[in-house]
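None of the figures in this text is laboratory data; all of them are computed from the coordinates on show. These numbers were taken from a predicted model, which means no experiment stands behind them. For neighbour counting, all protein chains shown are included, and Cβ atoms are generated from backbone atoms with ideal geometry for every residue, glycine included.
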Amino acid sequence: MAKKILLVEDEEIMINLLQKKLIREGYEISVARNGEEGLKAMREVKPDLILLDIIMPKMGGFEVMEEMGKDKNLKDIPVIVISNSGQPVEIDKAQKLGAKDWLIKTEFDPQEVIDKVVKQIGK
Amino acid sequence: MAEKKFYKEELKILKEDFDDLKVYLDEIRNILPISVCTLSSFWVIVDINRTAGTLIGYKPLEIIGQSIDFIFQKKQELEKIKEKAERGKRVITEETLLTPKNKKEILVSISIVGRKDREGNLIGYFLSIADITETKKYQKKLEERTKELEKARATLEIKVKTRTRELKELAESLEEKVKERTKESEKRTKELEESRTALMNMLEDVEESRKALINMLEDVEEARGKAEEEKNKTLAVITNFADGLLALDKENKLSLINPQAEVFFDVKSRDIIDRPILELSTFPTIEPVVKLVGKEIKGVFRKEVRIREDLVLEVSTIPVTREEEKLGTLIILHDVTREKTIERMKTEFVSLTAHQLRTPLSAIKWTLRMLLDGDLGRITEEQKDFLEKTYKSNERMITLINDLLDVTRIEEGRYLYKPVLTDTEPIVQFAINSHKEEIKKKKIKFEFKKPEEELPKIKLDVEKIRLAIDNLIDNAIRYTPAYGKVTVSLEYRKGVIEFSIKDTGVGIPKDQQGRVFTKFFRAANVMRMATEGFGLGLFITKNIIEAHGGKIWFESEEGKGTTFYFTLSVKEEFGEFLKEF
């Protein structure tokens, strides 16, 4: 059975690119376009991994992780943050909130995202 | 008959006269104090006077009829004396020894003269004897005395001579001294004369000065009026000055505060005037300024201090001196709140824009990557070539945006992050390694002079320092022609780690060297080279180094090359740069 990945991202083109890449790798993808939707989706889908953007409308990535931390059903789902920014404070904060990894969009290629996903949950 | 009688009578008188004469002579002979003996022509004693009897100790009867040999027993002497007396006509005087009756010889002086009758025939001799023992004694004494005197005289003479010599020497030395003194006093006199002349000249000068002074005083009176006017003007300027002004005297006590500064600090002049600067820190509004300048009022130039949420002052201190003597310090407070607000807005704008730009740039990057990787279908070589170039341009854009974001963070004062104690050498090595390809491509002779000993660990933000070093290496390689040389060295000396990078590149034109570390600066000569770059690298590098409490500088000659240096202090604390984001 294919591993389920929830992609929480507001940028349409990024969604398209990542979705295409991840499906090709054999994962099952669901998409949420902001934090609120993301939380709702993860309760329904119960993904194996969440790819989470930080700056999003309605609810940002940090708040999503805070909410996840409060929910015993959600707090153990691994999270990889994908963000435009990558300041050390942000990374620190994400780690404290339980994020497993962090990648900066401008510095990484789609393939490297796949590598990080595989590292967390395998194929 | 009568005649006979007459002769008889006459004879009688003559006889009487003769007898008288004889008595007279005898008497004279006996009272003479000298001894007299009458001798016959055969040197037999025929008579002696009383004195002679006393001297020789014999009574006349015992001695008369005896030869004089009886009393003068030095035979040879006596014979000589007799001979002389027999031949001579006059008195002879000789010394000899007399042997009196008691046999105790007496030294005597004898004088002998011949006795003659009326016809002049020698009939005997008169001998006088004088005891000269005493005389001789006296003579001897006298001679001794004379000798002593002579000796004393000689001694005295020597003494006198010595004394004379001494005196002479003394006199000479005195003379010398006197000469010296004279010379000295002549000199003194001359000096005095000169001094006097000088004094006279001075007096003349003083007189002239006095006259000049009087003239000046008249001018001064006029000038004073002007100065008063000038002072009023100055005060007016200070009072109405848009900047706040604090004047401190040389003891760092507040001597003046203008109304603008009163407004800034929300204080009244009378409450704080004449108080030492340190005391002023009890006013919460003044405290940040006191903290900045310190109690010795250090040199500060355009340092920003936030007084309140809506008030930021730019503080500068200016030492007030007159002919190298410090009179005090002027603190100038320039309100930069508005500028800061605008600057913040600008920074926020850039930051926001950069963030906003990053999203599409990431999208472009990822799309291009997937296209290039063939994830979205096969592409031709030509398409691939174009896409590669586009990808590179996009990467440059991303770099620019990242640089701009760094700059905005620097300007917002939130840049360094969590310094950790770390080794510097691996950071340098890492930065060098990431440039290996370019070094190879440009055939640059690259050398890394590693320190001989292990360097002390240092507290730093590894990412930022890596970026700073990376920027410097990047520049060195970029602006050094192919086959050039780049040397990186790392050394430890006197508590600091010094990094340097020397290239044989194009160098920085002299007239532009002052702007090297400013934002968006690119030297004219490298602009012509048409290489990429936005002029942010060195600005960022400088800020990174300075945020670590380090120093950065360079030496450069156009056409020969450039060497950049920076130092990081091993003990530097830089807490103030670790503000919350």
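Each label was represented as a point 7 Å from its Cα along the Cα-to-Cβ direction; for B:K436 and A:K70 these points are 5.0 nm apart. Our summary gives the range B:330-415 a relative contact order of 42 percent, counting only alpha carbon pairs under 8 angstrom and 6 or more residues apart.
Compute the helix-to-body angle for B:133-239: its Cα long axis versus the longest principal axis of chain B, expressed 0 to 90° and rounded to tens. Helix B:133-239 sits at roughly 30 degrees to that axis. Each residue of the range B:557-566 is assigned a 3J(HN,Hα), and the resulting list reads 9, 4, x, 10, x, 9, 10, 9, 10, 9 Hz, derived from the Karplus form 6.51 cos²θ - 1.76 cosθ + 1.60 (θ = phi - 60°), x at Gly and Pro.
Measure nothing fancy, just the Cα-based angle from helix B:381-411's long axis to the longest principal axis of chain B, in degrees from 0 to 90, nearest 10. Helix B:381-411 and the main axis of chain B meet at about 50 degrees.
Looking at this model, which pairs from B:K441/B:K464; A:K75/B:K571; B:K295/B:K346 are more than 32 angstrom apart at the alpha-carbon? Don't skip to the end; give the middle numbers.
Numbers: B:K441/B:K464 27 Å; A:K75/B:K571 43 Å; B:K295/B:K346 36 Å.
In this structure, A:K75/B:K571; B:K295/B:K346 exceed 32 Å between Cα atoms.
Its Cα gyration tensor gives the range B:282-406 an equivalent ellipsoid, and the semi-axes of that ellipsoid, as √(5λ) in whole Å with the largest first, are 56, 17, 10.
Enter the angle in degrees (range 0 to 90, nearest 10) between the Cα long axis of helix B:462-478 and the first principal axis of the Cα atoms of chain B, meaning the one along which they spread out most. So the helix axis and the longest Cα principal axis differ by about 90 degrees. Extents of the range B:1-146, largest first, come to 75, 33, 30 Å (Cα atoms, principal axes, whole angstrom). The lysines within cross-link reach of B:K103, meaning a Cα-to-Cα straight distance under 25 Å and a gap of 8 or more places when in the same chain, are B:K59, B:K74, B:K75, B:K80, B:K82, B:K136, B:K137, B:K140.
Considering helices alone, the calculated mean residue ellipticity of chain B at 222 nm is -17500 deg cm²/dmol, with DSSP H runs of length four and up weighted by -39500 (n - 2.57) and normalised per residue. The mean count of C-beta atoms from other chains within 10 Å of the C-beta of residues in A:108-118, rounded to a whole number, is 2. A prolate overall shape is assigned to the range B:307-365, the ratio a/c of its alpha-carbon gyration tensor axes (a ≥ b ≥ c) being 1.5 or greater and a/b exceeding b/c. About its Cα centre, the range B:390-435 has a charge dipole of approximately 140 debye under the convention of +1 per Lys or Arg Cβ and -1 per Asp or Glu Cβ, with nothing else charged.
If you average the sequence gap of Cα pairs under 8 Å that are 6 or more apart and divide by the length of the range B:408-468, what percent do you get for the contact order?
58 percent
Got a sec? Charge dipole of the protein assembly as shown, +1 on Cβ for Lys and Arg, -1 for Asp and Glu; which of B:L122, A:L17, B:A354 is way out at the positive end? Result: B:L122, furthest along the dipole toward the positive end. Near B:D375, once Lys and Arg are set to +1 and Asp and Glu to -1 for all other residues with Cβ below 15 Å from its Cβ, the sum equals +2.
How much net charge surrounds B:R50 when only other residues with a Cβ under 12 Å from its Cβ are counted (Lys, Arg +1; Asp, Glu -1)? Mind dumping the intermediate values first?
Working: positive: B:R29, B:K59; negative: B:D26, B:E27, B:D47.
Summing Lys and Arg as +1 and Asp and Glu as -1 gives -1.
Here the residues B:L256, B:L278, ranked from fewest to most Cβ neighbours within 10 Å of their Cβ, fall in the order B:L278, B:L256.
Computed extension length for B:E388-B:K8: 115.3 nm, one decimal, from 0.36 nm per residue of separation with the Cα-Cα distance subtracted. Charged side chains reduced to their Cβ positions (Lys and Arg at +1, Asp and Glu at -1) give chain B a dipole of some 2760 debye around its Cα centre.
Under a no-solvent Debye model with one identical scatterer per Cα of the protein assembly as shown, what's log10 I(q)/I(0) at q = 0.07, 0.09, 0.11, 0.12 Å⁻¹? Treating every Cα as an identical point scatterer, log10 I(q)/I(0) equals -0.81, -1.03, -1.28, -1.37. When the Cα positions of A:Q87, A:I50, A:A2 are compared along the charge dipole of the range A:1-103, A:A2 comes out farthest toward the positive end, with charges on each C-beta of Lys, Arg, Asp and Glu. Note on B:K443/B:R378: beta-carbon distance plugged into 1/(1 + (r/R0)^6) with R0 of 35 Å gives a FRET efficiency of 0.40. Projecting the Cα positions of B:V263, B:V220, B:V315 onto the charge dipole of the range B:212-320 (unit charges on Cβ atoms of Lys, Arg, Asp and Glu, taken about the Cα centre) puts B:V315 furthest along the positive direction.
Of the residues B:Y24, B:Y125, the one with the fewest other Cβ atoms within 10 Å heads the list, and the complete ranking is B:Y24, B:Y125.
Of all lysines in the structure, the ones whose alpha carbon falls short of 25 Å from that of B:K168, not counting any fewer than 8 places away in one chain, are B:K151, B:K159, B:K177, B:K179, B:K183.
Working from Cα pairs under 8 Å separated by at least six residues, relative contact order for the range B:58-192 is 13 percent. Each Lys and Arg adds +1 at its Cβ and each Asp and Glu adds -1 at its Cβ; summed about the Cα centre, the range A:1-52 shows a dipole of about 260 debye. Would you please classify the overall shape of chain A from the alpha carbon gyration tensor, given that a ≥ b ≥ c denote the square roots of the eigenvalues, rounded means a/c under 1.5, and beyond that prolate means a/b larger than b/c while oblate covers the rest? It comes out rounded by the Cα gyration axes.
When the square roots of the Cα gyration tensor eigenvalues are ordered a ≥ b ≥ c, the ratio a/c for the range B:345-435 is 1.5 or more and a/b does not exceed b/c, which makes its shape oblate.
Determine, for B:K159, B:K519, the number of other Cβ atoms within 10 Å of each Cβ, and report the residues in order from fewest to most. Kindly include the intermediate steps, with their values, before the conclusion.
Working: B:K159 11, B:K519 17.
Neighbour counts put them in this order, fewest first: B:K159, B:K519.
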